[in-house]
Structure formats: structure tokens, C-alpha cells
Amino acid sequence: MSLEALNAICPYYTMYPLDFPLRVLREHGKRGEWVIDPFCGRGTTNFAARLLEMPSVGVDSSPVAAAVAQAKLVYAEPGRVVASARAILNASKEPATVPKGAFWKLAYHEETLIQLCLLRDALLADCSSPTRILLRAVILGALHGPRPKGTPSYFSNQSPRTFAPKPNYAVKFWTERGMHPDAVDVLGVIKARADRYLAEPPPNVEGMVQLADSREADTFRDVPEARWVVTSPPYYGMRTYLPDQWLRLWFLGGPDYVEYRQHRAQLEHTGAGHFSTEMSRVWKNVAERARPNARLIIRFGGIHDREAEPMDVLKASLTDTGWKLVTVKTVPDADRGRRQVRQFQALPKKCIAEHDVYCHRAN
């Protein structure tokens, strides 16, 4: 196992590679310098900073993103994580609620679902310790995924591992193929994953992750002055981050069905100009918490069903924000490195060329 194992604790379709923030911070940063990621997603930048012993702050409006990112900044021994899960299951008799309906009946074996609901109840009541923060992330990572020929490594019937199956499609898919959920050794899956991802602890480094809106100045009120801002904002037109994670959102206290409404804490995609204005509020906020010699590095791209040129959108967002654009570098084909191909349904919207944008804090 390597020090980087923890970064894979919960897959995300929109995750960006660890080597990007690692390379940037390793080449130019120094141990002890603060790093901010105002769109932290699953905490890749925060984890890279931790590996390099750089304290960091992450902010994201998605409960799933924040929960996974928080796990990247804490540590507990694998045995303690498993013991915590065992204690919850041994102490609880019946969950507060168990989701009903065709999807839930086909997605999880009855006993597996009951155990997941018991764990959900306990973690919603108290998830403040490093042990429980890591247990929550382990479960989120195993909540849905493919069925192997051998020992199950996910709790669900056949599913994608990076985004949740939509109920109607999933029921049709499973029914046509006669696929029924297997009984899963829930503690066994948790143990295997805890041993895999927590075997070698990264450095103990100061840091925090907030479930918050980066457009709001108050979000950064207590954030230390940073030397680095390294981030990848939502691409213009990508509005399905929360619906695509609806099962993990359910485990974190959300509804047991898909919600397609726009979350008010997310950037609005009603037009390229409006989207740029929304992002500019974030760049201004982090500029206020950045040191005079700070650097902002952004990875940005787009999707094919939007006519707006991604770099025009991004450049417009940087105007009069306290940042000066210095360099733009094209990233190799964003689709080339995809690990999850067509395993369950049509691929999500394809990305187009990505760019790394380097900015200096304007004096």
C-alpha cells in the first residue's frame, strides 16, 4: 500500500487526477504554506497538500463531496473503523426507516439494506470523530458498484461505481437480466476497504473542509491567508453533480429518490455570462484570503452540448477579481484516461479539451 491509497476511498465521476495538484505544489510550493480549494470536490487538492505537509482548506456545496474530502484530512487505524461499524450494528435493533419500492428491493438484499440503514442512522446522529468520518467515507465508496465473480466489494446489485443508477433505468436493467442482489457481508466489505485505504497513514497536517457556498464571503472569514489556490470548478453546463450522486446523498440524510432541482448553493448554468459572474465572486473571495504573492491555478474545460468556448467563460470570470492571468496550458485528451467505460448505461456527457490556467495575485 502507498501513502496515496486514501485518495481512492470513494470514486467520483468528475474526479481530477492527483498528479495535477501534486505536481503544481511539489514544484513550486513549500512545506507549511496554506492551500485553498474553493471547489474541492472529493478533496484531491487537499490530499495532495497533505502529502506535501501543506495545510489546506477545502470548500464544496455538495454534501457527498464534503464528506469524502473530510476523510482525506483525518486518520484512524483500520481496526478502529471496523470496530466502530461493528458496535453500531450490534447496538441497534431496527433502523428508523427503510426505503421501499422496486428500486430498493432490487438494488440491495433485504438484510444488507437494513444494516446500511442502521449505519446511516448512527452516522447521521454523530459523525464528528475521525473514526466515524472515515467509516462514512468507506461506506459511501462501497454503496454501489459492479458485482465481481468472487467476494463482493460493493453492497449493491450491478451498478456503476462513480455515479448512482437512476431508479427506472436500473429496475429495467436488472429485471431484463434476471439480476437479484446478493446478501453481502457488510462488515467484511468495510474491513477490506479500511485495510486497503487506511493501512499507511499520510502525514498529520492541519486542514479543514467546509460544506458551504464559495460565492459567499463569510465562507472564508476564518480561513488563514493562503499562498496557493488550486482548484477545478464545475464545467459550464455540468448540472448533474447532485442527481448523479443521489444514493450517496440519501446515505447522508437526503431523500430516497432522485431530486433534479438546482441546489441554491451550486453555480447557476442559465447562461455563459451569468456563469462567469457566479465564478468571479469565488475568485474575489479567495483573493481576499490570499497573500500578496499568491498563485491561483485552475483546471477548466467544458462539455459538447454548450456553444460557449470554455476559456472565454473562464477568462471573463477572472476580470477585476484580484487575479492576473499569466499562462494557459492545454491538458492532454480528458477522455483518454477514463477508467469507467460502458458498464451500466450510456456514458455521461463527454468532456472537451481542458486547460491549466496560471494566475498571480494582482498587487
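The values are calculated or read from the model by the stated rules, or taken from the named source; none is laboratory data. The model shown is predicted, which means the values in this text are computed figures rather than measured ones. Positions of Cβ are generated from backbone atoms using ideal geometry, with glycine treated the same way; all protein chains shown enter the neighbour counts.
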Yes or no: segment 206-214 includes at least one residue that is more than 16 Å from the chain's Cα centre (by Cα) and modelled with pLDDT of 95 or more. yes
Evaluate the following for Phe155: is it more than 18 Å from the chain's Cα centre (by Cα) and buried (at least 22 other Cβ atoms within 10 Å of the Cβ)? yes
Using beta carbons and a limit of 6 Å, which pairs, at least six apart or on different chains, have the first residue in segment 261-285 and within 15 Å of Gly302 (Cα to Cα) and at pLDDT 60 or above and the second one surrounded by 13 or more Cβ atoms within 10 Å (Cβ to Cβ) and of a type in the set (A, V, I, L, M, F, W, C)? Ala272/Ala308; Ala272/Val313; Ser276/Val313; Ser276/Ala316
So which of Asp182, Asp244, Asp195 is under 30 Å from Ala353 (Cβ atoms) and in contact (Cβ under 8 Å) with a residue 60 or more places away in the chain? Asp244
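Mind checking which residues of segment 97-110 are among the hydrophobic types (A, V, I, L, M, F, W, C) and either within 25 Å of the chain's Cα centre (by Cα) or modelled with pLDDT under 95 (or both)?
Those that are among the hydrophobic types (A, V, I, L, M, F, W, C) and either within 25 Å of the chain's Cα centre (by Cα) or modelled with pLDDT under 95 (or both): Phe103, Trp104, Ala107.
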Give segment 16-55 a look and list any residue that's in a helix (DSSP H, G or I) and of a type in the set (Val, Ile, Thr), or say none. Val24, Thr44, Thr45
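Checking the condition β-branched (Val, Ile, Thr) and either modelled with pLDDT under 95 or in a strand (DSSP E or B) (or both), which residue from Val230, Val184, Val189 passes?
Within the list Val230, Val184, Val189, the selection yields Val230.
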Note on Glu94: of the conditions (1) in contact with a Leu (Cβ under 9 Å, 6 or more places away or on another chain); (2) within 25 Å of Tyr257 (Cα to Cα); (3) modelled with pLDDT of 95 or more, unmet is (3)
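Matching residues to (1) in contact (Cβ under 8 Å) with a residue 40 or more places away in the chain; (2) surrounded by 24 or more Cβ atoms within 10 Å (Cβ to Cβ); (3) assigned to a strand (DSSP E or B); (4) touching a Pro at 6+ places or on another chain (Cβ under 6 Å):
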| residue | (1), (2), (3), (4) |
| --- | --- |
| Val57 | yes, yes, yes, no |
| Ala66 | yes, no, no, no |
| Val74 | yes, no, no, yes |
| Arg80 | yes, no, no, no |
| Ser84 | yes, no, no, no |
| Ile88 | no, no, no, no |
| Lys93 | no, no, no, no |
Subset of segment 162-180 [more than 22 Å from Glu111 (Cβ to Cβ), in a loop (DSSP other than H, G, I, E, B) and within 28 Å of the chain's Cα centre (by Cα)]: Thr162, Phe163, Lys166
Note on segment 195-233: residues farther than 23 Å from Cys40 by Cα and either surrounded by 18 or more Cβ atoms within 10 Å (Cβ to Cβ) or small (Gly, Ala, Ser) (or both) are Ala199
On the given criteria, is Leu314 surrounded by 18 or more Cβ atoms within 10 Å (Cβ to Cβ), at pLDDT 95 or above, among the hydrophobic types (A, V, I, L, M, F, W, C) and outside any loop (DSSP other than H, G, I, E, B)? no
Tell me yes or no: at least one residue of segment 131-150 is closer than 19 Å to Val258 by Cβ and touching an Asp or Glu at 6+ places or on another chain (Cβ under 9 Å). no
Looking only at segment 192-205, and only at residues there that are closer than 18 Å to Arg86 by Cα and either among the hydrophobic types (A, V, I, L, M, F, W, C) or outside any helix (DSSP H, G or I) (or both), the one that is farthest from the chain's Cα centre (by Cα): Ala192
